[in-house]
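Scroll down for the structure; my scribbles are underneath it.
The values are calculated or read from the model by the stated rules, or taken from the named source; none is laboratory data. It should be emphasised that the depicted structure is a prediction, and the values quoted were computed from it without experimental measurement. Cβ placement follows ideal geometry from the backbone for every residue including glycine, while neighbour counts extend to all protein chains displayed. Note: areas computed on protein heavy atoms with side chains; ligands, DNA, RNA excluded. Shrake-Rupley method; radii C 1.70, N 1.55, O 1.52, S 1.80 Å.
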Amino acid sequence: MTAAGLEGLIVLGVFIALMVGFLAASQRWPAHFRRIPAFEELNRAIERAVEAGERVHVSLGTGSVIGPESAPALVGLAALTRIARATSMSDRPVVVTAGDGAMAILAQDTLRTTYQEVGASELYEPTSGRLLGATPLSYAAGLPAVLAYEQVSVHVLSGAYGFEAGLAADFGERARVFVIGGTDDVQAQALLYTVAQHPLIGEEVFASGAYLDVGVMHKASLRAQDVVRFGLIVLILLGVIVSTFEGLA
């Protein structure tokens, strides 16, 4: 095993240990995160949609299940669990779209499992999770029809996007619906920041599960990320200091 591989295993082991520790201490030491207005507005928007009998749309982007681009879409699936529970009381439950067939199947499975957990299996419809387009442009081209036909009032973008992120957010803005969007691509983030009402900046999209209260594991994961991040910052600073003194010696 290479040194880089060993270091990766060490970091992974530390991260898992931190997650387990924070999970065990969650009752005695509740998590307190900084305020992100976008998530607060999203919760209120979902409540309004349920009361008005309107629909929430979750877009998982155009990335595939295989590869690093799947990470923001998997976070979107976690958020979908929370949204599906909240909209299970509505006449128009959540609808989710993806640009990858395997991701659409995962969305269907997430909806089916969530409705079974809340005792509302009759609400599940396979077409609630659908493949909208196999390419970025075809996926974006199908969004206006979904927003109009499904009477969407909340448009959640959480997945891998390229330039089509701007189109996806703009279609929501033109339909005058609540738009929140986040992804891991820097250029797509810039487009969402320009177009979307409530963009998620940087890694905020990966905090969705914790801020939407999907489960204690998501909160423990977020706390572990913070500790690892600060630890890496300290190591980098120590490395800079050591290198500086070695250069002066």
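At a glance:
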{"read-out": "Listed residue (ALA140, VAL50, LEU123) projecting farthest to the positive dipole end of region 34-185, Cβ model", "value": "VAL50"}
{"read-out": "Surface share of carbon and sulfur [accessible, 1.4 angstrom probe, percent] for region 78-218", "value": "56 percent"}
{"read-out": "Cut-off 13 Å between beta-carbons: net charge of the residues surrounding ALA24, Lys and Arg +1, Asp and Glu -1", "value": "+3"}
{"read-out": "Residue (of VAL179, TYR211, TYR193) at the positive-pole extreme of region 173-226, dipole from beta-carbon charges", "value": "VAL179"}
{"read-out": "Separation of alpha-carbon centers, region 21-82 and region 165-233, rounded to whole Å", "value": "9 Å"}
{"read-out": "Solution diffusion estimate, µm²/s, Stokes-Einstein, region 1-88, Kirkwood Rh from C-alpha pairs, 10 °C, viscosity 1.306 mPa s", "value": "95 µm²/s"}
{"read-out": "Förster radius 25 Å - calculated FRET efficiency between ARG34 and ASP91, Cβ distance, rounded to 0.05", "value": "0.10"}
{"read-out": "Charge sum, other residues only, whose C-beta stays under 13 Å from HIS155's C-beta, Lys/Arg counted +1 and Asp/Glu -1", "value": "-2"}
{"read-out": "Mean separation of Cα contacts under 8 Å (6+ apart) over length of region 172-218, as relative contact order %", "value": "31 percent"}
{"read-out": "For region 1-149, size of Cβ-based charge dipole, Lys and Arg +1, Asp and Glu -1, in debye", "value": "300 debye"}
{"read-out": "Residue of SER26, SER158, SER208 that the Gaussian network model of the chain assigns the largest fluctuation, springs spanning Cα pairs under 10 Å", "value": "SER26"}
{"read-out": "On Cα atoms only, tilt of 216-248 relative to the major axis of the chain in degrees", "value": "40 degrees"}
{"read-out": "Folded to 0 to 90 degrees: helix 37-52 orientation relative to the chain principal axis, Cα", "value": "20 degrees"}
{"read-out": "Chain lengthening between PHE15 and GLU246 when straightened (0.36 nm per residue, less Cα-Cα)", "value": "80.0 nm"}
{"read-out": "Descending semi-axes in Å of region 29-181, equivalent ellipsoid built from Cα gyration tensor", "value": "21, 18, 17"}
{"read-out": "Probe 1.4 Å, protein heavy atoms only - accessible area per residue of the chain in square angstrom", "value": "52 Å²"}
{"read-out": "Principal semi-axes in Å for region 132-249 [√(5λ), Cα gyration tensor, largest first]", "value": "39, 18, 11"}
{"read-out": "Cα-based helix-to-principal-axis angle, 164-174 vs the chain, degrees rounded to 10", "value": "50 degrees"}
{"read-out": "Relative packing of peptides 56-63, 178-185, 117-124, 194-201 - highest average C-beta neighbours within 10 Å first", "value": "56-63, 178-185, 194-201, 117-124"}
